Amino acid sequence: MSTDTRAQAAKYYDLSPDTPADVPFYQGLMPSPEARVLELGCGTGRVLAPLAAGCGSIYGLDLSAAMVAVCRKKLEAAGIAPPKAQVAVQDITNFTLNQRFDLIIAPYRVLQNWRGRRQSAAYSDASGAHLTPGGSCILNVFRPNGDTETLRREWCTEQEKLCWEVAVEGGHVTCHDRRPLMDPAKMILYPELIYRRYQGEVLVEGSDA
């Protein structure tokens, strides 16, 4: 049985102040109010839930069962039910839905969670098989700011870096970034996000609790 490596992140993902304000961008890509939309790597529904109001239907896939569970709760709270919006636990590099979509999106660096060209090629094949003629597929990636040798030298570190800290009822939550592993030949970095929740100043949940 596989382990859901994003189970802890699902609890705190929506607290992050660093996620991009990209929902209006995807709303602007909607080809029509009746459009069928597929989001790959939908996570907690940060993008999927607000998009649901402006399309005919939306389908979300994510490998993390914990993330999908949070997304379903958001949809239920908003009164958005199938077939208007559906989400499923699924590997987005290998899926068959037996339907086609007018718009396929993979927001916020989903593509860069993959570990090689094989996954990228499989994703392209699966996405292409689900796109309507004339439809659009939009991927979000980023280009690291630095030359190759500098990135090889500075990217990998055992030290934790504080990414953000937000107040919650009775305390606060922090998110730290650690990058202990890198493939220097392929320029693939394997970062870790470490979440900690404090009640007052006492650590009650996290990697050290």
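The values are calculated or read from the model by the stated rules, or taken from the named source; none is laboratory data. Model, not experiment: these values are computed from the prediction. Ideal geometry is used to build each Cβ from the backbone, glycine not excepted, and the neighbour counts take in all protein chains shown. For the accessible areas, the whole protein counts, side chains as well, though only heavy atoms, and no ligand, DNA or RNA atoms are used. Shrake-Rupley method; radii C 1.70, N 1.55, O 1.52, S 1.80 Å.
Average accessible surface for the chain: 58 Å² per residue, computed with a 1.4 Å probe over protein heavy atoms with every protein chain in place.
Taking the DSSP beta bridges in the chain as the whole, what percent of them are antiparallel, to the nearest 5? Display every interim value, and only then the final one.
Values: 23 of 41 bridges.
DSSP beta bridges in the chain are roughly 55 percent antiparallel.
Could you sort L203, L51 by their accessible area in this structure, using a 1.4 Å probe and putting the largest first? Mind dumping the intermediate values first?
On the way: L203 50, L51 0 Å².
I get L203, L51, largest accessible area first.
Sorting M67, M30 by solvent-accessible area of protein heavy atoms yields M30, M67, largest first, with a 1.4 Å probe.
For the residues H130, H176, a 1.4 Å probe over the protein chains yields an accessible-area ranking, largest first, of H176, H130.
Remind me, relative contact order of the chain in percent, using alpha carbon pairs under 8 angstrom and six or more residues apart?
Numbers: 358 pairs, mean separation 32.3, N = 209.
Result for the chain is 15 percent.
Could you look at the chain and say what percent of its accessible area is carbon and sulfur, using a 1.4 Å probe and all protein chains? C and S atoms contribute 51 percent here. Student exercise: in the chain, how many lysine pairs 8 or more apart or on different chains have Cα atoms under 23 Å apart? The result is 5.
Amide H contacts for E205 (H built 1.01 Å from N in the peptide plane; partners 5 or more residues away or on another chain; cut-off under 5 Å): R197. The base-10 log of I(q)/I(0) for the stretch 71-190, evaluated at q = 0.22, 0.23 Å⁻¹, reads -1.26, -1.31 [Debye formula, identical scatterers on Cα atoms, solvent excluded]. Couplings 3J(HN,Hα) for the stretch 63-69, derived from phi with the Karplus relation 6.51 cos²θ - 1.76 cosθ + 1.60 (θ = phi - 60°), are 6, 8, 5, 5, 5, 4, 4 Hz, where x marks Gly and Pro. Taking all protein chains as they are arranged and a probe of 1.4 Å, the heavy atoms of C156 leave approximately 50 Å² accessible to solvent.
When the chain is described by a simple charge dipole with +1 on each Lys and Arg Cβ and -1 on each Asp and Glu Cβ, the residue from N145, S127, V173 located farthest towards its positive end is S127. Assuming a ≥ b ≥ c are the square roots of the Cα gyration tensor eigenvalues, decide whether the chain counts as rounded (a/c under 1.5), prolate (otherwise, with a/b larger than b/c) or oblate. Oblate is the answer for the chain, as a/c is 1.5 or above yet b/c matches or exceeds a/b. Across the stretch 29-94, counting alpha-carbon atoms alone, Rg and Dmax equal 10.9, 31 Å. Per-residue ellipticity at 222 nm from helix content only, as computed over the chain with -39500 (n - 2.57) for each DSSP H run of at least four residues, stands at -6500 deg cm²/dmol.
With R₀ fixed at 25 Å, the C-beta to C-beta distance from M187 to D18 puts the FRET efficiency at about 0.65.
For the stretch 160-177, the Karplus equation 6.51 cos²θ - 1.76 cosθ + 1.60, evaluated at θ = phi - 60°, returns couplings of 7, 10, 5, 8, 7, 9, 10, 7, 10, 4, x, x, 7, 10, 10, 10, 10, 10 Hz by residue, with Gly and Pro reported as x. Coupling constants for the stretch 81-86 follow from the phi torsions by the Karplus curve (6.51 cos²θ - 1.76 cosθ + 1.60, θ = phi - 60°), and in residue order they are 10, x, x, 4, 9, 9 Hz; glycine and proline get x.
Loop sites by DSSP among the GluC sites (Glu not before Pro) of the chain, restricted to those with at most 13 other Cβ atoms within 10 angstrom, leave 35-168 as the longest stretch without any of them.
Accessible surface of L139, taken over heavy atoms with a 1.4 Å probe and every protein chain present, rounds to 80 Å².
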